Amino acid sequence: MKKFTVGLAVLLMAFLAACGNSDEAKEVYQKAVEAGEKMESVEMDMVINQTMESDAMEGEMVMDMDTKSAMTIDPLAMHQTGTISMEVEGMPIETEMEMYLTDTDFYMYESMSETWLKMSTDMMPTEMMNTDQTAQDQLEMLESFMDDVDFSEEDDYYVFKFEGEGDEFADLTEELIKENLGEETFADLGVEISEVLEEMTIHSMYYELHIDKETYDTTKVITNMDFDINAEGESLRMNQEMTATYTGINTVDEIAVPQEVIDEAQEIE
């Protein structure tokens with residue numbers, strides 16, 4: 001959770017560098033960083049639409065995820081609900097999800113078996129562990145790598161935006177992977193990040209960041225990526241669109257795991 005503020009600062013630093021001598025951009029940057037440092041809690045709505053195709057699959061796999069989260073930073077706590085809809089080779093699957101996260105424990109509701117599961121945060125699946133960090137980690141990828149950033153304003157918010165394609169994202173992608181998954185994730189799998197990057201081709205990327213004019217809080221992040229990964233002779237094509245909307249900043253009350261969840265949860269060791 002601390003990475004939210006850090007990621008925001010890194011992103012805005014990149015935007016500032018890319019915007020050159022824009023006094024207005026610098027002022028927005030400074031005030032947004034200050035607002036991020038004061039963030040103690042936040043609510044987030046996230047929508048992810050993902051399409052994958054590979055040599056091993058007949059047709060494509062489509063996944064749509066829609067989640068609502070409430071988070072506090074100190075103490076670390078999160079409650080998340082949502083749905084995951086998938087279509088694999090024409091077969092639809094829809095799953096309801098709910099989870100609680102604390103400094104030490106992770107509780108996840110398994111809708112198929114109608115059972116709560118408990119595990120330590122060390123055992124959490126990587127994609128779950130990064131659910132509370134996805135937006136900010138995505139932001140960190142921009143440091144020192146952007147060649148062109150548009151800075152504009154709407155009625156109620158400022159907009160930082162860039163898009164591009166091709167090999168210009170090689171270094172950018174490395175930062176994204178490091179911040180979003182962490183080098184230790186690949187080390188645990190016996191894989192070096194460099195090996196992943198060597199087999200990855202970024203076709204296009206779009207990024208948009210909204211900052212509230214009154215509070216200078218980050219209110220929305222939009223990212224679209226289209227890329228290929230080749231591994232062991234097989235090719236995987238992925239297109240991902242993500243929109244994260246932040247509300248209720250510094251208004252979230254204490255988040256506690258309900259006692260009935262604690263009592264019912266089956267512990268996984």
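A few notes on this one:
- For LEU11: the one exception among (1) under 16 Å from the mean Cα position of the chain (by Cα); (2) modelled with pLDDT of 85 or more: (2)
- The residues of segment 32-48 that are assigned to a helix (DSSP H, G or I) and under 17 Å from MET71 (Cβ atoms), listed by number, are ALA35, GLY36, GLU37.
- Any hit, segment 180-201, residues being hydroxyl-bearing (Ser, Thr, Tyr), modelled with pLDDT of 80 or more and not in a strand (DSSP E or B): no
Per-residue answers, yes or no, for (1) at pLDDT below 70; (2) in a helix (DSSP H, G or I); (3) surrounded by fewer than 15 Cβ atoms within 10 Å (Cβ to Cβ):
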| residue | (1), (2), (3) |
| --- | --- |
| PHE160 | no, no, no |
| HIS203 | no, no, yes |
| TYR206 | no, no, no |
| MET225 | no, no, no |
| THR245 | no, no, no |
| ILE249 | no, no, no |
| VAL261 | no, yes, no |
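- The condition of being farther than 30 Å from SER235 by Cβ, under 22 Å from the mean Cα position of the chain (by Cα) and either charged (D, E, K, R) or assigned to a strand (DSSP E or B) (or both) holds for GLU96.
- Identity of the residue in segment 227-243, charged (D, E, K, R) and not in a loop (DSSP other than H, G, I, E, B), that ends up nearest to MET63 (Cα to Cα): GLU241
- Any hit, segment 18-31, residues being modelled with pLDDT under 70, crowded, with 16+ Cβ neighbours inside 10 Å, in a helix (DSSP H, G or I) and at negative phi: yes
The values are calculated or read from the model by the stated rules, or taken from the named source; none is laboratory data. What you see is a predicted model; the values in this text were computed from it and never measured. Every residue, glycine among them, receives a Cβ derived from its backbone with ideal geometry; neighbour counts consider all protein chains shown.
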